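S.K.: One structure follows; several queries about it will come next.
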Amino acid sequence: GSAGPPAPSSSAPDGSGSQRGGFGDGGGITTDGTITSVAPIRVKSSHDLQDLLEDIKEALTDTTENWQARMQHMMKLEGIILGGGKKFGDVLPQQLNHMKTCFIEQVLDRRSAVSRQACHLLTVIAEHMGSAADGIVEHLVPVLFKVVVISVQVQADAAHCAVKKMMRACHVGKLVTQISDNLQTSRNAKLRRACIDYFHVILDSWLKPEYGHQLSNFESGLKIALSDASKDVRAKAREAFVMYKKDWPENASALFDTLDSSVQKAIAQAGTEKPVKKKARQSIRSQVLKSNFATKSDFDEGAGNQSGNVFIFTPKKEQQVAIDPEEAAPPKASLKQQAEVGKSTSQIVDVCTLQRLEEVLEGTMATDLEHRMNAEEALDALARSKEGIVELLLERLATGSRASVTKALGSALGFAGASSAEARLGDVLPFVLSSLNDEEIEVRKAAVFALVDIYSVMGKSLMPHLSSLSPAQHKLLNIYIERNKENTPTM
């Protein structure tokens, strides 16, 4: 139905600057060390797709065939996936599942070029097919464990990277058991070190319901890793424990009590390390507004410093001041102050809201946990109480933490009423949906909560707007929607 992908560019005849492997410009990778890019292949019909996939399967099954031909067929399969082959219903997922044995053969191939290309192909399948590739991920990840420990570093690194990317894309709970078993029984320190990395992926990118039924297995592996013979494994395990405690505080506390005192002390030291975050850069519009208001507020300096004055925007001090959620509503300006500046009451309140909002948004980026939590509560209070807050938030998406802004947008629409929520949905939903696919789990959680808030006011009329969600995301959202209904008292 369509031509295959273009062959990779050739390297210099002497092979200078190329990677080992011998395929095209160096084992299926470019001279800068990256996998050769593949052009998307557009397939016209499901019948053409079926024929192409059967040809690819036949070529990959015969491992005695020229290895370069197998490389080309793997690249062709990647092109079909990139070209939108999954639009033809179950044809692509079914055929990919039938190729699992073929993928195993390529991953275990002794030629590093073939193995690395296969690892790359598996990540493409997982990232583009989503939950439809769960069966492939479940079947292939244990095979990749065998490649992670081999002495050929380029293959081992490719396999390790593939496992992490596949687990970020497809959240298969059964893998927790296999990873935990490796941590408890494997004699290979390299594999144990890799497996604790995979625990990090789970804690960083999976939501709690996706692995909650595997907590006992998770804890068994984590407990052994905390006392591992390898220093690197122990260090990564302590980091994992701190992450685990954040999501499952009660479970982590119970596990902590079962550990040796030396392990407890090491964990406590790891937990005191604070990540350094960059201070958010204010938007250009915020800076202009502050400058304009400061200029228009150039009246008597004594009056300008009186308590309750809301007109002059002064630079914030470096020292962080705790934000009280009870003070989330901005102070009201006096009529005299309004007259001096020449603005209406509504405009004055907008200035107050703007000032308070920017203080709170900056607080959501604080490194101090208590300060950040207070700021998040204050932001939620503002979102639920102030008209026009949606517009102000949309203008300051980069000013506060993405998770906090996402959740606040959901709260604002959830308390705006059905008609208002529907009117602003087109402005808010693109940002929330992009947050649902963010790298950071806290942002993805906030996006789920935001959608639940919006659903609480719009109901089923929201669902047609969520067609871009994957089946797994739809399932997760429905779980939280039902939980919210159970926790909402009926009148």
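The values are calculated or read from the model by the stated rules, or taken from the named source; none is laboratory data. Because the structure is a prediction, the values reported are computed rather than measured. Here Cβ is always computed from backbone atoms with ideal geometry, including for glycine, and neighbour counts include all displayed protein chains. With ligands, DNA and RNA removed, areas are computed over all heavy atoms of the protein, side chains included. Shrake-Rupley method; radii C 1.70, N 1.55, O 1.52, S 1.80 Å.
S.K.: Express in nm, to one decimal, how much length is gained between ARG110 and VAL242 on full extension, taking 0.36 nm for each residue of separation and deducting their alpha carbon distance. Spell out each step's value before the answer.
M.R.: Working: separation 132, 0.36 × 132 = 47.52 nm, distance 3.90 nm.
Gain on extension, ARG110 to VAL242, equals 43.6 nm.
S.K.: In whole angstrom, how far apart do the alpha carbon centroids of the stretch 103-135 and the stretch 393-448 sit?
M.R.: Centre-to-centre distance over Cα atoms comes out at 35 Å.
S.K.: With every protein chain present, what accessible area does GLU250 have (1.4 Å probe, heavy atoms only), rounded to the nearest 10 Å²?
M.R.: Near enough 150 Å² of accessible area.
S.K.: Sticking with this one: How large is the convex hull of the Cα atoms of the stretch 133-172 per residue, expressed in Å³ as a whole number? Spell out each step's value before the answer.
M.R.: Values: hull volume 1.9 nm³, N = 40.
Roughly 48 Å³ of hull volume per residue.
S.K.: I've got another one for you. How many times 2.2 N^0.38 Å is the alpha carbon radius of gyration of the stretch 113-155?
M.R.: Details: Rg = 11.0 Å, N = 43, 2.2 N^0.38 = 9.2 Å.
In units of the 2.2 N^0.38 Å rule of thumb, it is 1.20.
S.K.: Here's another thing I want to ask about it. Under a 1.4 angstrom probe, counting protein chains only, how are TRP67, TRP206 ranked by accessible area, largest first? Mind dumping the intermediate values first?
M.R.: Numbers: TRP67 45, TRP206 0 Å².
In descending accessible area the options line up as TRP67, TRP206.
S.K.: Provide the per-residue ³J(HN,Hα) series for the stretch 188-197, in order, calculated from phi with Karplus coefficients 6.51, -1.76, 1.60 and θ = phi - 60°, each as a whole number of Hz, with x at glycine and proline positions.
M.R.: Karplus values, whole Hz, x for Gly and Pro: 8, 4, 5, 5, 5, 5, 5, 5, 5, 5.
S.K.: A further question on this structure: Need one number: nm distance between label points at SER253 and SER227, each 7 Å from Cα along Cα→Cβ, rounded to one decimal.
M.R.: For the pair SER253/SER227, the computed spacing is 2.4 nm.
S.K.: Ok, one more. Mind checking the full-extension length gain between SER262 and SER216? Use 0.36 nm per residue of separation minus the Cα-Cα distance, one decimal, nm. Walk me through the intermediate numbers first.
M.R.: On the way: separation 46, 0.36 × 46 = 16.56 nm, distance 2.27 nm.
Result for the pair: 14.3 nm of gain on full extension.
S.K.: Starting from the amide H of ILE35, placed 1.01 Å from N in the peptide plane, find each other amide H under 5 Å away whose residue is 5 or more places distant or on another chain.
M.R.: THR30
S.K.: Now for a separate question. Of LYS86/LYS146; LYS407/LYS445; LYS208/LYS445, which pairs sit farther than 20 Å apart, going by alpha carbon to alpha carbon?
M.R.: On the way: LYS86/LYS146 30 Å; LYS407/LYS445 9 Å; LYS208/LYS445 10 Å.
Distance filter (> 20 Å) returns LYS86/LYS146.
S.K.: Got a sec to turn the phi values of the stretch 234-246 into Karplus ³J(HN,Hα) couplings, 6.51 cos²θ - 1.76 cosθ + 1.60 with θ = phi - 60°, whole Hz, x for Gly and Pro?
M.R.: Values, residue by residue: 4, 4, 5, 5, 5, 4, 5, 5, 4, 5, 5, 5, 5 Hz.
S.K.: A follow-up question, please. If you project the alpha carbons of the stretch 151-261 onto the principal axes, what extent comes out on each, in Å, largest first?
M.R.: For the stretch 151-261, the Cα spread along each principal axis is 41, 30, 19 Å.
S.K.: Could you state the per residue volume, in Å³, of the convex hull enclosing the Cα atoms of the stretch 392-491? Please report the intermediate quantities before stating the final value.
M.R.: Working: hull volume 10.2 nm³, N = 100.
Hull volume over Cα atoms, normalised by residue count, gives 102 Å³.
S.K.: Quick check on packing: order 187-195, 210-218, 172-180, 450-458 by the mean number of other C-beta atoms within 10 Å, highest mean leading.
M.R.: On the way: 187-195: 18.7, 210-218: 16.6, 172-180: 20.7, 450-458: 22.9.
Descending mean neighbour count gives 450-458, 172-180, 187-195, 210-218.
S.K.: Which order do the peptides 143-149, 355-361, 263-269 come out in when sorted by mean C-beta neighbours inside 10 angstrom, highest first? Spell out each step's value before the answer.
M.R.: Numbers: 143-149: 19.9, 355-361: 22.9, 263-269: 14.7.
The packing order, highest mean first, is 355-361, 143-149, 263-269.
S.K.: Turning to a different aspect of this structure: On the accessible surface of the stretch 159-259, probed at 1.4 Å, how many percent belong to carbon and sulfur atoms? Could you put the intermediate results ahead of the total?
M.R.: On the way: 2040 of 4270 Å².
Accessible surface attributable to carbon and sulfur in the stretch 159-259 totals 48 percent.
S.K.: If you take the beta carbon distance between GLU440 and ASP51 as r and set R0 to 45 Å, what does 1/(1 + (r/R0)^6) give as a FRET efficiency, to the nearest 0.05? Before the final figure, lay out each step's value.
M.R.: On the way: r = 42 Å, r/R0 = 0.93.
With a Förster radius of 45 Å, E is 0.60.
S.K.: Say each of SER470 and LYS100 gets a label point 7 Å from the Cα, pointing the same way as Cα to Cβ; how far apart are those two points in nm?
M.R.: Distance between the two pseudo-spin positions: 1.8 nm.
S.K.: Mind putting together the pair-distance distribution for the stretch 60-164? All Cα pairs, 10 Å bins, whole percent per bin, short to long.
M.R.: 15, 51, 30, 3, 0
S.K.: Expected output is a single nm value to one decimal: the length gained when fully extending between SER151 and GLU127, i.e. 0.36 nm times separation in residues minus the C-alpha distance. What is it?
M.R.: Values: separation 24, 0.36 × 24 = 8.64 nm, distance 2.76 nm.
Gain in length upon complete extension: 5.9 nm.
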